[in-house]
Structure formats: structure tokens, C-alpha cells
Amino acid sequence: MVDGGGRKRLKLERVKLAGFRGLREDEYTLGDLTVFTGGMGVGKTSRLLAVLFALCGEAPYGLTLDDLINSSSDYMLVRVEGSVNNLPFYIERRKRRGGPVAVKTDLPERLRVDPKIFVDGREIAKLFVGAPAEKALKLNQLLGFERYDQVASEITPAPVERRLQELEKQLSALGRIEDIKRRDAETTAEIGWIKDRLSELRVKYMIDSPMVKWAEEVKQRAEEAEQIELEMKGKLKLLEQYRTQLRSLPEAAEGFEEELREMEARNDALNRRIAVLEASIKMIELQRGMSVQTCPLCGAQLSKDALERFAHMEEEYRKVLDEYSSLQIRLSQKRKEVEEYRRLLEQRRFIEAEISRLEGEIAQTRVQIVSEEDLSKALRLLKEAEETKREIELLESKLSALEAQKEAYQTALAQLGSQNHVNLERKIRRLRDLADKIRRIRSALIEAVNEAKNERLASIKSSFKEAFKKIYPYERIKDVDFESRIVRGHEVLYVKCKVDESWVYAHQMSTGENVALSFALLLAVNELASSPLLLLDEPEEGLDESGIRGLAEVLKKMKQRTQLLVATRSPLLASLLGSESDIK
Ligand SMILES: Nc1ncnc2c1ncn2[C@@H]1O[C@H](COP(=O)(O)OP(=O)(O)OP(=O)(O)O)[C@@H](O)[C@H]1O
Ligand SMILES: [Mg+2]
């Protein structure tokens with residue numbers, strides 16, 4: 001690294017460029033403190049960026065290298081001449097749009113310049129804005145602490161710990177091998193036992209099978225006998241019910257039908273007699289009125305006496321009618337009685353038929369009696385056979401589960417089997433030692449880094465206070481200092497200012513105060529580990545006249561160690577710095 005700290009002293013003297021931003025062709029010389037001033041867009045920033053490109057091959061944040069090429073050109077070139085440790089050198093960088101960067105130099109080794117030499121005044125004013133982590137990062141970058149942090153973060157036992165975890169997993173897997181082997185042996189033994197028992201049971205089942213067949217027949221017979229007995233009981237009960245019913249039926253009266261028939265015949269006769277009598281009476285009455293004297297039946301001439309003899313007819317007609325009406329009453333009574341008699345008769349016949357059917361069936365029923373002894377023997381046999389069958393089924397399903405389990409054990413053993421227990425343990429021991437060592441180195445390193453940081457901070461502190469007092473010649477802020485706090489496990493550095501008797505933090509300061517703080521910090525840092533060169537673009541941004549005056553003083557002091565290129569729009573700063581380089 002080329003730096004101004006004594007190792008290699010860099011000094012730039014002349015810049016030549018072509019096709020670069022709005023400048024196109026340009027050439028300018030550089031002193032210890034060169035100021036580019038002029039109106040907007042004259043090319044002040046471009047002159048700084050040309051130097052940045054030539055030395056570092058980079059564009060500032062937010063621009064690409066192709067953005068640096070003049071829009072009407074396809075190509076840019078910047079050549080810087082100067083000396084390193086009083087020996088002349090040149091470096092030339094060129095780039096075609098879309099192409100790679102080409103470098104030409106007479107330096108024997110690569111020139112490495114940190115692109116942070118370009119400082120944008122507008123950016124520096126934002127040093128203390130943003131989220132705390134962002135601010136801390138910016139401050140750490142400015143103070144050059146990020147390199148320390150990076151070193152500390154690079155030395156980490158994490159990769160070793162990861163490898164350790166892997167090996168420990170393998171070791172525990174090896175531990176599992178023993179377990180699996182043991183379980184595999186147990187499973188094998190159980191499978192053997194089950195197979196023996198199964199073949200024993202199958203033989204038994206086969207030998208027992210004729211007896212089982214007999215037992216099934218006996219059982220079936222017993223069940224049939226039970227069924228028949230049950231049916232018989234039902235039939236006997238029904239028979240008894242029919243007999244009781246038959247006994248309770250009234251005896252059928254003999255001669256009912258005959259009586260009815262007689263009464264019906266009498267009724268017919270009476271009907272016929274009534275019809276004859278009514279017709280005769282009507283005829284006689286008619287003849288009386290008409291004095292016709294003929295027989296109503298044959299039409300023969302009748303004498304008056306003969307007509308008188310028919311007078312008894314009315315008498316008879318009355319009697320016949322009386323008899324007829326009394327016969328009607330008795331006849332309907334008799335008909336009902338005969339109907340009831342017929343119904344009873346039918347019921348009796350049905351019951352008698354049922355009784356004889358049941359008696360016939362009962363007489364024909366044959367029950368095959370199964371002896372108690374046979375039945376209990378058969379039932380015992382069947383129960384045993386059922387138990388044997390169930391045990392066979394149970395053992396068969398257990399056997400297939402165990403065989404699947406054994407297969408899984410075999411696969412696991414095949415996968416894990418290739419490891420070596422002793423080797424693994426040795427590796428793990430070694431890695432543990434290594435991780436311990438790394439942790440020790442890391443904590444020693446962090447301690448050293450912290451010490452270096454603190455030392456650096458202490459050396460920066462006095463320059464910071466001094467530079468701040470110059471850029472900020474007011475009474476409101478009496479003192480400035482650093483404060484380190486741990487935020488989410490990380491050390492975060494804050495800048496604080498003493499206002500009245502208490503301390504306030506940078507984010508509570510005005511824009512100008514913030515710029516003053518930031519510049520003071522930048523200049524203090526540079527004083528400690530001075531950069532060979534700083535490209536300051538509008539450093540007066542945000543400062544008032546007193547601030548600009550203070551800044552000019554600090555910059556003048558700084559130029560003894562660091563070559564400064566300043567681009568400014570402020571005539572005051574330009575004149576305070578004794579500008580000779582007014583771009584027109
Ligand atoms: N790639 C480019 N091609 C052509 N012109 C460009 C290119 N980039 C920038 N310019 C122009 O170059 C000119 C100089 O720009 P530069 O940024 O150097 O101005 P400046 O002097 O710093 O101005 P200010 O004071 O406003 O910051 C401007 O007019 C700008 O528009
Ligand atoms: Mg500019």
C-alpha cells in the first residue's frame with residue numbers, strides 16, 4: 001500500500017485526460033493543495049474523479065465506469081504523472097465503453113490506493129444520519145476500524161465447530177450401531193421362536209382336524225336338537241291352547257237347520273195364501289160394486305149365496321196376517337241363531353283340523369339326542385381349535401412385522417457399518433483441540449484489536465477535539481468525545497458533544513454542526529494514518545463562514561502530510577486556500 005505514513009511517499013504532479021465526462025481533453029498540474037473552483041458544471045468534480053479513476057480504476061458510489069466516459073465519445077483515458085519516494089512514475093488507465101480497463105505504468109509493483117480518498121462533502125454531512133447500525137458502520141469505516149473487525153471475524157472456530165458437529169453426529173450414529181445390532185439380534189431370536197411355535201401349532205391344527213370335524217358335527221346336531229325341542233314346545237303349547245278353546249265353545253244345537261227350513265216353508269205358504277186371499281177379496285169387492293157375480297178364480301157365474309159364502313175370506317185373511325207377522329219375528333230370530341250356529345261350527349272344524357295337524361306333526365317328530373358328555377367334549381375341542389387358529393394368525397402378523405423390522409436394521413447397519421469408531425474419536429479430539437486453540441487465538445486477537453482500537457481512538461481524540469474547535473469556533477458545543485456502547489452484541493461507537501453541562505449525541509446536532517463534527521473526525525483520522533492523497537469534493541457543504549475559515553486552516557495544516565485536491569463552489573474557501581486553479 002502506498003501511503004503517506006512514511007513507507008512510500010506519493011506525489012502527483014500532472015494529469016492529462018481525454019474523453020472523460022464533460023472535460024473531453026484536459027491537462028492540469030497539481031500541488032500540495034490544489035483547488036478547483038468555478039461555477040456549476042465547469043468540471044471541478046470531474047477533475048477529482050479523473051484522478052480517482054487513474055489511481056484506483058474505480059468510479060464513486062452510484063456511478064459506473066462507463067458513466068465516466070464522455071457521452072459523445074466511446075473511449076476515455078487518464079494519465080497521471082508524479083513521483084513515488086522522489087522517483088518519477090506514471091500511471092495511465094483507459095477504457096472503451098463496455099470493455100475492460102487497461103492499465104499502463106512504469107511502477108515495478110501494483111499501485112494500491114484506497115478509493116476512500118474521494119470524499120464527497122454531501123456524503124460526509126450524512127455521516128451521522130441513518131439507522132444506528134448504519135451510522136456505526138460509517139464511523140467504523142472512517143476510523144479504519146472495519147479492518148480490525150474483519151480480521152477478528154475471519155478468525156472463527158465456526159467451520160471447525162461445524163465439522164465437529166458432523167463428526168459427533170457420526171459418532172452418535174456409531175453408538176446407535178451397537179444398539180441396532182443388539183435389537184437386530186433380539187429380533188432374530190424372536191423370529192426364530194415364533195417360527196418354531198408356528199410350526200408346532202400348524203402340526204397340532206392338522207392332527208386335530210378330524211376331531212374338530214366330529215366336534216363340529218356334534219355341535220351342529222346339538223343345535224338342531226335344541227331347535228326342534230324349541231319348536232315342539234311351541235307346538236304343544238299351541239295344541240293346549242286349541243283344546244282349551246274347543247272346550248270353551250258352546251255345543252251346537254241339533255235341529256236348528258230343520259226348524260229354520262220348516263219355518264221358511266211355512267212362510268212361503270203363508271205368502272202364497274195371503275196373495276190368493278188379497279186377490280180374491282179385491283175381486284169380490286169389485287164385483288159387489290159392479291153387481292158382477294162371477295168367480296174371481298175361474299170366472300164362472302156365481303149366485304148371490306155363493307158370494308155370501310166367500311165372506312169368511314176376510315176372517316181368514318186377518319188370521320193369516322197375524323200368523324204371518326208373528327212368524328216374521330221368529331223367522332229373523334231363527335236365521336240369526338242358525339248363522340251363529342254355522343259360524344261356531346266352522347270355528348270348531350278349523351280348531352279340530354289344527355289339533356289333528358299338530359298331533360300328526362308331533363307324532364312324526366324325531367329328536368336326535370346328543371349326550372351331555374359328547375357335547376361338552378366337542379365344545380372344548382372347538383374352543384381349543386379356535387384358540388390355536390387365533391394364535392397362528394397373531395404369530396403370522398407379528399412375524400411379518402418383525403421381518404420388516406429386521407430388514408430395516410440390516411439397511412441401517414449397511415449404511416453405518418463403514419465408520420470406524422476409534423478413528424472418529426481421534427478426529428473429534430483433534431478438532432476439539434483445534435477449536436479451543438482458535439477460540440483462544442480469537443479472544444486474544446479481539447483483546448489486541450480492542451486495545452489497538454482504543455489506542456487509535458485515544459490518538460484520534462485530541463486531533464478530533466482540536467480540528468473541531470477550528471471548524472466550529474462557537475461556544476455552544478464546549479467539547480466533543482467518543483462513547484462506545486454494545487448494541488445487539490456489537491460494539492458501536494458514538495460521537496457526543498458537550499452542550500451546557502450535559503452530553504448530547506450527533507443526531508441531535510444541526511446540519512452545520514454535523515458537517516463540522518464529520519470533517520473534524522476525517523481530518524483527525526487522516527492525521528493519525530495519513531492518506532497520501534485526499535480528493536475533497538465541496539467540503540464546505542453545510543458549513544457557515546466561520547466553519548469554512550476553520551476548515552481552510554485545518555486543510556492548510558493537513559497538506560503538509562497529505563496532498564489535497566479540493567473542488568469547491570465557495571469563493572471564500574477558494575480564496576482562503578489561495579486558489580490559482582479557477583476552471584473557466
Ligand atoms: N458522461 C458525461 N458525458 C458528457 N458530459 C458529462 C458526463 N458526465 C458529466 N458531464 C457534464 O460534465 C460537466 C462537468 O461536470 P462536473 O460534475 O465535473 O461539474 P462541477 O464543476 O463539479 O459542477 P457542480 O459545481 O455543479 O458540482 C457537467 O456539465 C456535466 O453535465
Ligand atoms: Mg461537482
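Key figures for this structure:
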quantity: Residue match in region 349-358 (condition: in contact (Cβ under 8 Å) with a residue 24 or more places away in the chain and under 60 Å from the mean Cα position of the chain (by Cα)); calculated: no
quantity: Output for region 38-73, where each listed residue is within 12 Å of ligand 2 (Cβ to nearest atom) and either modelled with pLDDT of 95 or more or farther than 27 Å from Glu109 by Cα (or both); calculated: Gly38, Gly39, Met40, Gly41, Val42, Gly43, Lys44, Thr45, Ser46, Arg47, Leu48, Leu49
quantity: Residue match in region 542-562 (condition: in contact with a helix residue (DSSP H, G or I) (Cβ under 6 Å, 6 or more places away or on another chain), within 16 Å of ligand 2 (Cβ to nearest atom) and closer than 16 Å to Val119 by Cβ); calculated: yes
quantity: Members of region 104-126 that are modelled with pLDDT of 70 or more and of a type outside the set (D, E, K, R); calculated: Thr105, Leu107, Pro108, Leu111, Val113, Pro115, Ile117, Phe118, Val119, Gly121, Ile124
quantity: Any hit, region 383-401, residues being surrounded by 14 or more Cβ atoms within 10 Å (Cβ to Cβ) and farther than 30 Å from Pro210 by Cβ; calculated: no
quantity: Residue under evaluation Lys44, criteria (1) more than 9 Å from ligand 1 (Cβ to nearest atom); (2) in contact with a Gly (Cβ under 7 Å, 6 or more places away or on another chain), criterion not met; calculated: (1)
quantity: Residue ID - surrounded by the most Cβ atoms within 10 Å (Cβ to Cβ), chosen from residues in region 524-583 that are more than 16 Å from ligand 1 (Cβ to nearest atom) and assigned to a strand (DSSP E or B); calculated: Gln563
quantity: Selection within region 341-370 - among the basic types (Lys, Arg) and touching a Leu at 6+ places or on another chain (Cβ under 9 Å); calculated: Arg348
quantity: Positions within region 501-541 being more than 12 Å from Leu564 (Cα to Cα) and acidic (Asp, Glu), in sequence order; calculated: Glu501, Glu513, Glu527, Glu538, Glu540, Glu541
quantity: Selected residue [free of Cβ contacts under 8 Å to residues at least 60 places away in the same chain and β-branched (Val, Ile, Thr)] from Val515, Val504; calculated: Val504
quantity: Residue under evaluation Phe53, criteria (1) closer than 26 Å to Ser530 by Cα; (2) away from ligand 1 (no atom under 13 Å from the Cβ), criterion not met; calculated: (2)
quantity: Residue match in region 44-62 (condition: more than 27 Å from Asn140 (Cα to Cα) and touching a residue at least 60 places away in the same chain (Cβ under 8 Å)); calculated: yes
quantity: Matching residues, region 16-37, being within 16 Å of ligand 2 (Cβ to nearest atom) and among the polar types (S, T, N, Q); calculated: Thr34, Thr37
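Quick grid of which residues meet (1) among the small types (Gly, Ala, Ser); (2) modelled with pLDDT under 90; (3) over 24 Å from Leu236 (Cα atoms):
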residue: Arg342; (1), (2), (3): no, yes, yes
residue: Ala353; (1), (2), (3): yes, no, no
residue: Leu358; (1), (2), (3): no, no, no
residue: Gln368; (1), (2), (3): no, yes, no
residue: Lys377; (1), (2), (3): no, no, yes
residue: Arg380; (1), (2), (3): no, no, yes
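Here's the yes/no breakdown for (1) farther than 23 Å from Glu553 by Cα; (2) out of contact with any Gly (no Cβ under 8 Å at 6 or more places or on another chain); (3) in a helix (DSSP H, G or I); (4) among the acidic types (Asp, Glu):
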residue: Arg432; (1), (2), (3), (4): yes, yes, yes, no
residue: Ser443; (1), (2), (3), (4): yes, yes, yes, no
residue: Glu447; (1), (2), (3), (4): yes, yes, yes, yes
residue: Asn454; (1), (2), (3), (4): yes, yes, yes, no
residue: Ser463; (1), (2), (3), (4): no, yes, yes, no
residue: Phe468; (1), (2), (3), (4): no, yes, yes, no
residue: Glu475; (1), (2), (3), (4): no, yes, no, yes
residue: Val504; (1), (2), (3), (4): yes, yes, no, no
residue: Leu517; (1), (2), (3), (4): no, yes, yes, no
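The values are calculated or read from the model by the stated rules, or taken from the named source; none is laboratory data. Fair warning: this is a prediction, and the values are worked out from it, not measured in the lab. Using ideal geometry, Cβ is built from the backbone for each residue, glycine included, and neighbour counts are taken over all protein chains shown.
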